[in-house]
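**Student:** I have a structure I would like to understand better, so I am pasting it below and will then ask my questions one at a time.
Each reported figure results from applying straightforward, stated rules to the coordinates on display, with no laboratory input. Keep in mind the model is a prediction, meaning the values are calculated, not measured. Because the Cβ atoms are built from the backbone with ideal geometry, glycine has one as well, and the counts that use them run over all protein chains shown.
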Amino acid sequence: MKMMPPWFANPRYGHFANDPSLTDQQIQTLVTWAENNAPDGAPHDAPPLKKWARGWNIAAPDLIVTMPKPVALPANGEVEYTYEIVPTHFAEDRWVQMAELRPSAPAHVHHAVVYIRPPDSTWLKHAPAGTPFTASTLTDPDERRQAHETTSDLLLVYAPGSSPDQWSDGMAKFIPAGSDLVFQMHYTTNGKAAEDQTSIGLVFAKSPPRQRVITLQLNNHALLIPPGADDFRVEVQGTLPNDATLLSLFPHMHLRGKRFEYDIIHDDGLIEPLLKVNYHFHWQLSYRLAEPRPLKAGTRLRAVAWYDNSRNNPHNPDPTKTVTWGDQTSDEMMVGFFDVAVPADVDKWHYFIRHGQTADVKNQTKP
């Protein structure tokens with residue numbers, strides 16, 4: 001019980017601004033109301049109706065960017081990661097304070113990442129713009145590899161259950177003038193053919209912010225999960241190259257994901273848990289700190305994931321398989337995304353310039 005609203009964080013560790021958990025008193029109020037045949041309350045006590053932007057969970061977008069061409073999805077089989085490059089044609093820099101991704105076929109979207117490709121980037125330079133493509137359709141071997149590795153910043157990460165990005169006043173993500181948005185779509189099939197034409201809605205900051213939000217990650221691509229293992233542990237650590245303010249945490253695994261944890265490891269060896277979740281593949285939530293946490297350069301962060309590759313996992317595609325990192329849901333991933341705020345004039349490249357620190361949080365994305 002207590003499955004709705006969905007929330008999977010252990011309440012003993014951390015406080016989160018988007019925690020929708022109900023108190024015992026609130027639950028009892030609802031139970032009592034239901035047991036009494038759900039009587040109407042006094043009309044004058046009713047709160048005013050919320051006004052929602054049609055189709056969006058953020059304020060009415062200042063701009064909606066849509067993939068120019070729909071992607072045809074088969075009824076069955078695996079679908080290779082699909083990309084679509086969309087030029088923004090921005091004549092000036094833009095600061096994004098809110099962003100929401102909306103697939104037109106959400107039942108087929110395992111996850112999606114929207115990257116910011118600045119005008120001087122050589123990433124996927126020869127890939128077609130405005131039309132869907134996959135790594136295997138690229139003729140350049142380097143670009144086939146680049147499709148799965150990039151140092152470009154992330155505008156948004158989307159997975160089932162995730163909520164839109166909404167940054168506090170004075171914080172925003174940065175899109176340089178002339179940039180492209182690169183949609184990376186991971187589709188799955190469900191027995192019915194479909195097509196998807198995903199959009200992202202953007203709300204721009206009204207004035208230049210004091211801080212830039214960038215998305216970093218801790219991941220372990222060397223995971224090797226034995227057949228039948230019901231509590232297999234995978235760990236990765238990294239140190240921050242410069243000061244930053246931690247804003248939110250977003251764990252990502254696939255169908256064998258069981259638990260995920262973020263920690264700070266202090267110099268004296270003390271382990272301070274930031275977040276512990278019982279992972280739910282169909283509700284991949286972002287956990288936003290109630291109080292942003294300033295972190296000094298050299299802070300050691302750790303992410304730990306546990307996997308259930310046994311027959312007791314009802315979602316396990318094949319408990320006899322040795323599982324490795326891979327794109328498809330039948331494979332696995334171990335990614336601990338986290339958002340940080342840095343000074344507005346510090347981009348992701350400059351954030352990774354190390355000033356007397358040994359840093360191993362990667363300036364590279366491998367979704």
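**Student:** Could you work out Rg/(2.2 N^0.38 Å) for the range 252-320, with Rg from alpha carbons only?
**Tutor:** Cα-based Rg divided by the globular estimate yields 1.37.
**Student:** Could you give the dipole magnitude of the range 1-103 about its Cα centre, charging the beta-carbon of Lys and Arg +1 and that of Asp and Glu -1, in debye to the nearest 20?
**Tutor:** Taking the Cα centre of the range 1-103 as origin, the dipole is about 100 debye.
**Student:** Just want the ordering: I27, I85, I58, from fewest to most Cβ atoms lying within 10 Å of their own Cβ. Write down the numbers at each step before the final one.
**Tutor:** Numbers: I27 13, I85 21, I58 18.
Result, fewest neighbours first: I27, I58, I85.
**Student:** Of I214, T322, L224, which is farthest on the positive side of the dipole of the range 213-351, counting Cα position, with +1 on Lys and Arg Cβ, -1 on Asp and Glu Cβ, and the Cα centre as origin?
**Tutor:** Going by the Cα projections, it comes out as T322.
**Student:** Sorted by packing (mean other beta-carbon atoms within 10 Å per residue), highest first, where do 322-328, 304-310 land?
**Tutor:** On the way: 322-328: 16.0, 304-310: 22.7.
So the order, starting with the most tightly packed, is 304-310, 322-328.
**Student:** If we restrict to alpha carbons, what Rg and Dmax does the range 213-351 come to, in Å?
**Tutor:** Final numbers for Rg and Dmax: 16.0, 51 Å.
**Student:** Right, something else. For q = 0.12, 0.17, 0.20 Å⁻¹, what log10 I(q)/I(0) does the range 1-98 give under the Debye formula with an equal point scatterer on each alpha carbon and no solvent?
**Tutor:** Cα-only, vacuum Debye calculation for the range 1-98: -0.88, -1.10, -1.19.
**Student:** Using only alpha carbons, build the gyration tensor for the chain and give me the equivalent ellipsoid semi-axes, biggest first, whole Å.
**Tutor:** Numbers: eigenvalues 185, 140, 131 Å².
After scaling each eigenvalue by five and taking roots: 30, 26, 26 Å.
**Student:** Which pairs, out of K296/K348; K69/K125; K258/K321; K173/K258; K50/K173, put more than 23 Å between their alpha-carbon atoms?
**Tutor:** From K296/K348; K69/K125; K258/K321; K173/K258; K50/K173, over 23 Å: K173/K258; K50/K173.
**Student:** Here's something else I'd like to know. In whole percent, what relative contact order does the range 167-295 give with Cα contacts below 8 Å and a gap of six or more residues?
**Tutor:** With pairs under 8 Å counted, the relative contact order is 22 percent.
**Student:** Okay, next question. List the trypsin sites (Lys or Arg not before Pro) within the range 258-364 that DSSP assigns to loop and that have no more than 10 neighbouring Cβ atoms inside 10 Å.
**Tutor:** Those satisfying the criteria are K296.
**Student:** Could I ask something else about it? Hey, could you pull the Cα Rg and Dmax for the range 174-252, both in Å?
**Tutor:** In Å, with Rg to one decimal and Dmax whole: 19.1, 54.
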